[in-house]
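Input: a single structure, listed below in structure tokens.
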Amino acid sequence: MLAANELLVNEFVKIAERKGRVLYDFTNDVITQAIRADKMGLTLKEVLDERGIVEEAKRTGFILVFKRLWYEVLDKIYEDAGKEWLIEAWNEAGRWYGKLCHSRLPEKPLTALKDGIETLMWDIEDFEISDEDGLTLLRCISAGFSKAYTMLLVVFFKGVFDALGYDVVKEEVSKGIITLTFKKRG
Amino acid sequence: MSKTSSKEKKLIRVPSDIVAKLNEAANRAGRSFYDYTSEVLEQALRASELGRPLKEIMDFFELMSVQRNAGLTITFSELLNYLISMLYPKEEKALHERWYEAGVWYGTYLQVKFRNKRTLDIFTKLLSESWWEINEVNLSKEEEGFVLRCVSFTLSLERTKLLMSFLEGVINSMEYEIVKKDCIRGMIILNFTERGS
């Protein structure tokens, strides 16, 4: 037997009934999935949070692509004639994503940004947003980034923060390492 | 969750081995058994509100982990479409080679990862669940081999052709050979047989 909050159990029983499942079997299935998540080093909450962000990405026009191919295509266009267009497109994508973050969590858009980037940008190894002396610091690191991809991510993040009402006041960028400092406008 | 504001407890009957495993998981997370159990039930309610069984959500999570480990990343579809349309006229041959190579690599990766399993079925599932720009995927066994059909309502002609090169790479890496291929914008039909058959 396991004990849980009465109201929670009542809701749980209702779902089992709605699904036409025996409570014993339904509970077993749910706990089996929780244990499966635990074996992956996760909680069910983390799995469901990620699912929500990925579903939203799918709905809003994101796709999966091979990193290598994606970087190669970007590098080629960046090196050739399309650099300025590419920079503008990434900045615009950033502004769009900033607005999406704001609509997801109007009170904490930067939390929505952090969750989204960590969940969707699988190629980023370290991503941090922190506050320091009234300024907001963004750090993004990945050894695998090409130079072109690093530069495009910088303009993407600038677009995101611009949409959220921030101006960039300092930037330190080298291949695979981005540190940006922002100040809230007004 | 407001649903949990009651202080009263209620018991649910579950097998003892499951309780033991759940207890271990709670200990690993440094949480009390009661809190951990409550969170599990809360998440089950949340999944139900999303209209999806927890098993399906976990399956999808594992599938995305496979894609992540296979070297895929998430990006903007429109941007990729536009970039390919810019690059394709000048670099058609090179792009097809690169997409084909990526297919060979991916097919090999799946065979190594899912050794002794039906890799072709796993590949079809991955295509249908996580290649989001493909709306329909169908693999059928026919008299003279297999037929893979992919339909997309959004892929450009260039990207459809590149996807076909990728699929050819995957199929060829799996000991099959393509015997016929058809491709129009948003639709690919590949007929293939086991090599040497």
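Summary of computed values
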| read-out | value |
| --- | --- |
| Single residue of region B:120-144 satisfying the filter (among the polar types (S, T, N, Q) and not in a strand (DSSP E or B)) that is farthest from the other protein chains (Cβ to nearest Cβ) | B:124 |
| Close pairs from region A:11-33: first more than 18 Å from residue B:38 (Cα to Cα), partner open to solvent by 60 Å² or more (accessible area, probe 1.4 Å) and among the charged types (D, E, K, R), Cβ under 9 Å, at least 6 apart | A:21/A:29 |
| Yes/no for residue B:82 being within 22 Å of residue A:61 (Cα to Cα) and in contact with a helix residue (DSSP H, G or I) (Cβ under 8 Å, 6 or more places away or on another chain) | yes |
| Members of region B:54-72 that are open to solvent by 50 Å² or more (accessible area, probe 1.4 Å), facing another protein chain (nearest Cβ under 7 Å) and within 30 Å of residue A:12 (Cα to Cα) | B:55 |
| Region A:138-148, residues that are open to solvent by 40 Å² or more (accessible area, probe 1.4 Å) and either in a loop (DSSP other than H, G, I, E, B) or closer than 21 Å to residue A:115 by Cβ (or both) | A:139, A:141, A:143, A:144 |
| Every pair of residues 6+ apart whose Cβ atoms lie under 6 Å, when the first sits in region A:36-50 and is at pLDDT 90 or above while the second is open to solvent by 50 Å² or more (accessible area, probe 1.4 Å) | A:48/B:46 |
| Any hit, region B:73-91, residues being at the interface with chain A (Cβ under 7 Å from one of its Cβ atoms), open to solvent by less than 40 Å² (accessible area, probe 1.4 Å) and in contact with a Gly (Cβ under 7 Å, 6 or more places away or on another chain) | yes |
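The values are calculated or read from the model by the stated rules, or taken from the named source; none is laboratory data. Bear in mind that the values here come from a model prediction, so they are computed numbers and not experimental data. Every residue, glycine among them, receives a Cβ derived from its backbone with ideal geometry; neighbour counts consider all protein chains shown. Quick note on the areas: whole protein, heavy atoms, side chains included, nothing else; ligands and nucleic acids left out. Shrake-Rupley method; radii C 1.70, N 1.55, O 1.52, S 1.80 Å.
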